[in-house]
Amino acid sequence: MLHVHDDDLASCVGCGLCLPHCPTFRITGEERYSPRGRIEAMRQVHIGAKPVEASFVDMMDTCVQCRGCETACPSGVPFGRLMEGTRSTLAGGAVPGYQPWWRRIGYRMLSAHRAVVVGSRLLAVGQRVRLVPSRRLGLPDRLPLRERPLEPSGSDVWLYTGCVMDAWQRDVHRAALRVLRAAGVGVSLPRPVRGGGCCGALATHAGLLDVARVQAEATMRAFPGDAPILVDSAGCGAQLKDLGHLLGTPEAERFAARVVDIDEWLARHVDRLAPLARHDRIRRRVAVQDPCHLRHVQKVHLSVRTLLAPFVDLVELDDDGLCCGAGGAYAVLQPELAGDIRERKVAAVGRSGVSLVASANPGCSLHLSAAGLDVCHPVQLVDEAIHGGRA
Amino acid sequence: MTTPRTTTTAERSDGEVVDALRAALSADRVHTDDLELALYGRDASLLRGDAVAVCFPCTTAEVQSCVRIARQFGRPFTVRGSGTGLAGGAVPLGRPVLIVTTKMQQLVEVDLEDRIAWVEPGMLNLDLTRALRRHGYHFAPDPSSQQSCSVGGNVANNSGGPHCLAYGVTSAHVVALEVVLPNGDVTVLGGLDAEPAGLDLRGAFVGSEGCFGITTRVAVRLTPDPPAVLTLLADFLDPLDAVAAVSAIVAAGVVPAAIEMMDQRITQAAEAFVHAGYPTDAGAILLVEVDGLPGGVDAERAIVERVCTDHGARTVRIAVDEAERMLLWKGRKTAFGAVARIRPNYYLHDTVVPRTRLLEVLSKVYEIADRHDLIVMNVFHAGDGNLHPLLVFDAREPGVLDRVHAAGEEIVRVSLEAGGVLSGEHGIGLEKKPFMGWQFTQQDLDAQARIREAFDPEGIANPEKLLPEGSRCGDIAHLDAAHRERLLASGVWV
Ligand SMILES: Cc1cc2nc3c(=O)[nH]c(=O)nc-3n(C[C@H](O)[C@H](O)[C@H](O)COP(=O)(O)OP(=O)(O)OC[C@H]3O[C@@H](n4cnc5c(N)ncnc54)[C@H](O)[C@@H]3O)c2cc1C
Ligand code: SF4
Ligand code: SF4
C-alpha cells in the first residue's frame, strides 16, 4: 500500500491528454516515464497486483515533479500529492536504502546555514584550484568566494533568502533588495533561527517528509509577525505556500497565506516601478522561461510578464512551458534525462532568436546556465532597468 | 535454496522471440518488465490485454524486423501510437509483439509546392500542425485528443474532429502511405498524383485499425490556414432547442467549419477545468466556428447569430481574440478527460445519426441512461450528427459495468434504428466489434473479411479486432454449436 488516497488514484481516466506535457515522456516516448504510466504503476502497486521493485522505483525517481501533468489534466488528478505520497512510502522503508543515510544527512544539513555557506566557499576554493568538476556536479562555473552580507531596510515585508541560493546567488537577493528599496518598501531579513535555513522543498521531493517538517517548523520561527514574506525562488515559494498542507496546523496555514512570490508581489506594484526606469536605456529582448513551480504549482507565472513588460521586450518560447529538467536535485540525481530535457529547452530558446533568458527559479537558472545560456532572474532585469548595470 | 522451475514451451519461445527482437533492435528498445507490460495493457478504453514484449523501433527497417520476427515465431503483432484510442484498438490480445511508434516522430519533409508533408507515424497531430504553422498551413483532422494522438493512429482510425464538418476526416487528408505489410514487405499505397492508377488501396488502409499492417510514413495534405476565423458560443436553456438550431444553421445555407454541442453536465465539468466562462446553468451550449475570407465570415456570423437567437439562444458570445477562442476550444477538446470530476470511469459510443433525427435520438439517450440509473453526458460533433454519449460511472461499484454495457447497447440500437452508423471516428477496435453485425449484412462483413485476408492471410496483424469472429461466409457453419450460441448471445448475429 502506498500512502496515497484511493480516490486520487481513481481520478485518472487514462485519456493520455497529459502525455505531451511531461518532459520525461517527451524525451523517451515511453509510457513508464509518463504521468499516465506512473499513475497506473502506482495503482498496480497500491492494490497489491505488483510488488515494489527496481522498475517501479525507477519510474518514480525519474519523475521531475514538475507537475506539468497536473495543469494539463482535465480530470484534476492531483499528481503532486500522489508522487509525494509514493516517495514518502519508498523512503519510509518500503525500499531499504532508498534514501541512504548520507543523503538524509545532506538534506538535513541544508538547514544549517553557516555550514552551507562554508561548504560553498570550500567548493569555490576547490574550483579555483581545479579540484572540483563543476559541470559534472551541475555547479555554477564560478561559485562566489566571499559575499558581502545583505542589508535590511525596514519592516514592510520579509525577503526569504533560503539555503543554497543565498550561498550561490546572493546577487539575486541584492537586486531584489534594491528594487524594493526603489519602490519605497522596507525589507526585513530572516531572523537567525537554528535549523531555519532551508524551506524543506528538496527533502519533500525526496519523500523525507519528517525532515521537511522539522525544517518547515524552524523556517516559520524565522519570520515572526504578519508582514508578507517575499520569495525570489519559485521552488521555495511553492513549498512555503504549501506548509499548511505539510504541517496541518492553523499556524502553518496562516504562515503559508503570507508567502508571495516576488514577481507576483512586484507585479501588483508595477505602476510604482515603471516610472523609475531609465529612459536612456535600450530595451532588450528577453525570453521568459517559466519555472514549473511558478507555472504549474503557484500558477503565478503570468505576473513575470506583467512585471517585465515596462522594462524589456518579452519573447514567448514555443514549447508550452515544458519543464527544463532542473527539478531541485533532479539534475544531479538523474543527469542524463535532465540533460536531454534541457536540450529541448535550449532548442526552444534557439528558435526564439533571443540570447537572454529570464527565469524566476535558481535551480532552472543554474541548470540552463550550465548549458551555456545567459540566464538571469526577472528582478535583476528590473534592477538593471532602474539602476543601470549590465547592458 | 531456490525452487527449481520447469520451463514451459511458451516461456521458452517467449524468451526466443525477445532475444530475436533485441538482436534486431537493441536491448534497450525491447522491454519485457512485468510492470511495464501492465502499463501497455490498455489504451484510453476500459479493455486490457497482455503483450509478450514492447518494442520501440526507430526506422521502417526496424518495424519490418519486428513484424518478421513476430511472424517467424508464430506470434501476432499489434501496433500502438499514443494509446488514446477509445475502442481498444491498441490493446494487445493473444500475447502479441507490441510495436510502439512513439520513437518515430520526425517531420521528414515538407513540400510546399505539392502541399504535402511526409511524417513519421508517431508524430503527434498537434505537433504537426504547429510545425506547419510558420508556412501558413495545418493538418486539418483535429480530434479532440489532437495534442496527444499520433498521425499513425489517426490514419488507422480514420479519425475526425470538430473541423472535419467542413474539411472532411483523415482519409481526405492522406495522399500516400508507406506501409509494412503483415508479411514483412514494405510498399507504398496511394501516390502524389491526383488520380493514382489502380485500386485505391490507400483508401482501404485508412481506417484499417492496425489490421492491414503498419504505416511507417504518411504523406499528409497541407491545408492553408483560413484568413479569418470566428468562434461563437450560443447558450440554450433546452438542449433540444440547441439541436434544432444546428439543423437550422445548415438549412440556412451555412457550412460552418465546426458545430459542437455540449450538454449541461459536461459543460460544468469542462468549466471546472478551463474556466472559459461557459454558462454552467445552460441546458446546452453550441460552439460554432466560421472561417474563410473576412467578408464571408462576417456574413455567416450574422446568420448563425440570428438562427441561434430565433431558436431560443439566451446569448451568443463571440470570442474577441485568439486567446479567448483557444480557451473556448480547450474546454471542448478536453471534455472527455474532465469527466472524472463527476465519476472516475467513462464508456462511450460514437454513433452517427442523420441530423434530422438527432433530436429524437438524443432524447432517447437521456431516457436510456435514466432507466439504467446511469449518468450520461453528451458532447458531440453536432454538425455531422456524430454522437458521443459518455456514460460515466465508478467501476468500483459492483454490477455497474453490466448496466453500462446494457445502456450502451441500447444507445447503439436506437442510433442504428434511426438510420445511423456504428462509429463516426473512434473506430471499432474491440469495443464495438460485437455490434458490427447490427450494421452490416453478412455479405458486407464477408467482403470486409476478404480484404483483410488479402492484406493479412495469416491473421497476425492485430487479431481479434475490428471484425467479429465468423465474418467470413461459411465461418458460422464451421463453428461448433456452443460457440455459435455464445456468439448469438453476445449479439454478433442479431
Ligand atoms: C480525450 C479524447 C478525445 C478524443 N477525441 C476524438 C475525436 O474528436 N475524434 C476522433 O476521431 N477520435 C478521438 N479520440 C480517439 C483517439 O484519440 C483517436 O482514435 C486517435 O486517432 C488515436 O490515435 P493514437 O495515436 O492514440 O492511436 P492508438 O490508440 O495507439 O491506436 C489506435 C489504433 O490505431 C492503430 N495504429 C496506431 N498506429 C498505427 C500505425 N502506425 N499503423 C497502423 N495502425 C496503427 C492501432 O493498432 C489501433 O488499432 C479521442 C480520444 C480521447 C482520449
Ligand atoms: S493524469 Fe489526467 S490527463 Fe493524464 S491520463 Fe490521467 S486523467 Fe488523463
Ligand atoms: S510531474 Fe512532470 S515529470 Fe512527473 S509525471 Fe508529471 S509531467 Fe512528468
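The values are calculated or read from the model by the stated rules, or taken from the named source; none is laboratory data. On a predicted model such as this, the values are computed, not experimentally measured, just so you know. Quick reminder, even Gly has a Cβ in these numbers, built from the backbone with ideal geometry, and neighbours come from all protein chains shown. Areas reflect the complete protein model, heavy atoms only, side chains present, ligands, DNA and RNA absent. Shrake-Rupley method; radii C 1.70, N 1.55, O 1.52, S 1.80 Å.
What about A:Val57, is it more than 11 Å from ligand 2 (Cβ to nearest atom) and in a helix (DSSP H, G or I)? For A:Val57, the condition - more than 11 Å from ligand 2 (Cβ to nearest atom) and in a helix (DSSP H, G or I) - is met. Taking the criterion of being open to solvent by 50 Å² or more (accessible area, probe 1.4 Å) and among the hydroxyl-bearing types (Ser, Thr, Tyr), the only residue of segment A:326-360 that qualifies is A:Ser355. Hey, does segment B:69-88 have a residue that's within 16 Å of ligand 3 (Cβ to nearest atom) and either crowded, with 24+ Cβ neighbours inside 10 Å or in a helix (DSSP H, G or I) (or both)? Yes, some residue in segment B:69-88 is within 16 Å of ligand 3 (Cβ to nearest atom) and either crowded, with 24+ Cβ neighbours inside 10 Å or in a helix (DSSP H, G or I) (or both).
Among the helices (runs of 4 or more DSSP H) confined wholly to segment B:310-396, which include 1 or more residues that are modelled with pLDDT of 90 or more? Output list reads B:322-333, B:358-371.
This table checks each residue for (1) of a type in the set (Val, Ile, Thr); (2) in contact (Cβ under 8 Å) with a residue 24 or more places away in the chain; (3) more than 26 Å from A:Gly363 (Cβ to Cβ).
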site	(1), (2), (3)
A:Val13	yes, yes, yes
A:Thr24	yes, yes, no
A:Arg43	no, yes, yes
A:Lys50	no, no, yes
A:Thr62	yes, yes, no
A:Gly68	no, yes, no
A:Cys73	no, yes, no
A:Met83	no, yes, no
A:Arg108	no, yes, no
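When every residue of segment A:83-99 is checked against the conditions, at least one turns out to be under 18 Å from A:Thr24 (Cα atoms) and in contact with a Lys or Arg (Cβ under 8 Å, 6 or more places away or on another chain). Residue count for segment A:203-242, restricted to those that are touching a helix residue (DSSP H, G or I) at 6+ places or on another chain (Cβ under 6 Å) and of a type in the set (Asp, Glu): 1.
Every condition in (1) away from ligand 3 (no atom under 14 Å from the Cβ); (2) crowded, with 20+ Cβ neighbours inside 10 Å; (3) at pLDDT below 95 is met by A:Val45 except one, and the failing one is (3). Of the residues making up segment A:19-34, those that are closer than 15 Å to A:Arg67 by Cα, within 16 Å of ligand 1 (Cβ to nearest atom) and either open to solvent by 20 Å² or more (accessible area, probe 1.4 Å) or at the interface with another protein chain (Cβ under 7 Å from one of its Cβ atoms) (or both) are A:Leu19, A:Pro20, A:His21, A:Arg26.
When A:Gly14, A:Gly37 are checked against the criterion of being open to solvent by less than 10 Å² (accessible area, probe 1.4 Å) and away from ligand 3 (no atom under 11 Å from the Cβ), A:Gly14 stands alone in meeting it. Candidates in segment B:103-132 are the residues that are farther than 16 Å from B:Thr84 by Cβ and at the interface with chain A (Cβ under 9 Å from one of its Cβ atoms); of these, the one that is most open to solvent (accessible area, probe 1.4 Å) is B:Arg130.
Taken over segment B:412-450, the residue count meeting the criterion of being of a type in the set (Ser, Thr, Tyr), closer than 21 Å to B:Gly89 by Cβ and not in a helix (DSSP H, G or I) is 1. Apart from one condition, B:Arg48 fits all of (1) outside any loop (DSSP other than H, G, I, E, B); (2) within 14 Å of another protein chain (Cβ to nearest Cβ); the exception is (1). Being within 15 Å of A:Gly14 (Cα to Cα) and more than 12 Å from chain A (Cβ to nearest Cβ) holds for only one residue in B:Gly85, B:Gly81, B:Gly89, and it is B:Gly89.
Name the one entry in B:Leu362, B:Leu390, B:Leu358 that is within 14 Å of chain A (Cβ to nearest Cβ), in contact (Cβ under 8 Å) with a residue 24 or more places away in the chain and within 22 Å of the chain's Cα centre (by Cα). Can you show your working first?
Working: B:Leu362 fails: within 14 Å of chain A (Cβ to nearest Cβ); B:Leu358 fails: within 14 Å of chain A (Cβ to nearest Cβ).
From the options B:Leu362, B:Leu390, B:Leu358, the qualifying one is B:Leu390.
In segment B:250-266, of all residues being touching a residue at least 60 places away in the same chain (Cβ under 8 Å) and in a helix (DSSP H, G or I), the one that is farthest from the other protein chains (Cβ to nearest Cβ) corresponds to B:Val250. What number of residues in segment A:46-58 are more than 8 Å from chain B (Cβ to nearest Cβ) and over 21 Å from B:Ser45 (Cβ atoms)? The number of residues fulfilling the criteria is 7.
In summary, A:Cys323 fulfils each of the numbered conditions (1) more than 23 Å from A:Leu159 (Cβ to Cβ); (2) open to solvent by 40 Å² or more (accessible area, probe 1.4 Å); (3) within 16 Å of the chain's Cα centre (by Cα) with the single exception of condition (2).
Of the candidates B:Ala282, B:Ala251, the single residue that is of a type in the set (Gly, Ala, Ser) and under 21 Å from B:Phe336 (Cα atoms) is B:Ala282. Filtering segment B:385-408 to residues that are touching a Gly at 6+ places or on another chain (Cβ under 7 Å) and either open to solvent by 40 Å² or more (accessible area, probe 1.4 Å) or more than 15 Å from A:Val13 (Cβ to Cβ) (or both) leaves only B:Asn386. Count of segment A:1-11 residues, restricted to those that are open to solvent by less than 20 Å² (accessible area, probe 1.4 Å), more than 8 Å from chain B (Cβ to nearest Cβ) and part of a loop (DSSP other than H, G, I, E, B), is 1.
Among the candidates B:Leu177, B:Leu181, the residue that is at pLDDT 95 or above, among the hydrophobic types (A, V, I, L, M, F, W, C) and open to solvent by 10 Å² or more (accessible area, probe 1.4 Å) is uniquely B:Leu181. Within segment B:335-355, the set of residues being surrounded by fewer than 23 Cβ atoms within 10 Å (Cβ to Cβ) and within 7 Å of chain A (Cβ to nearest Cβ) comprises B:Arg341, B:Pro344, B:Asn345. With respect to B:Arg306, determine if the residue is part of a strand (DSSP E or B) and surrounded by fewer than 19 Cβ atoms within 10 Å (Cβ to Cβ). Against the criterion (part of a strand (DSSP E or B) and surrounded by fewer than 19 Cβ atoms within 10 Å (Cβ to Cβ)), B:Arg306 does not qualify. Only one of B:Thr280, B:Thr309 is of a type in the set (Ser, Thr, Tyr), under 30 Å from B:Leu86 (Cα atoms) and not assigned by TED's automatic domain parsing to the domain that holds B:Gln147; which? The conditions single out B:Thr280. As a summary of the residue check, B:Thr223 satisfies the conditions (1) touching a strand residue (DSSP E or B) at 6+ places or on another chain (Cβ under 7 Å); (2) within 16 Å of ligand 1 (Cβ to nearest atom) except for the one numbered (2).
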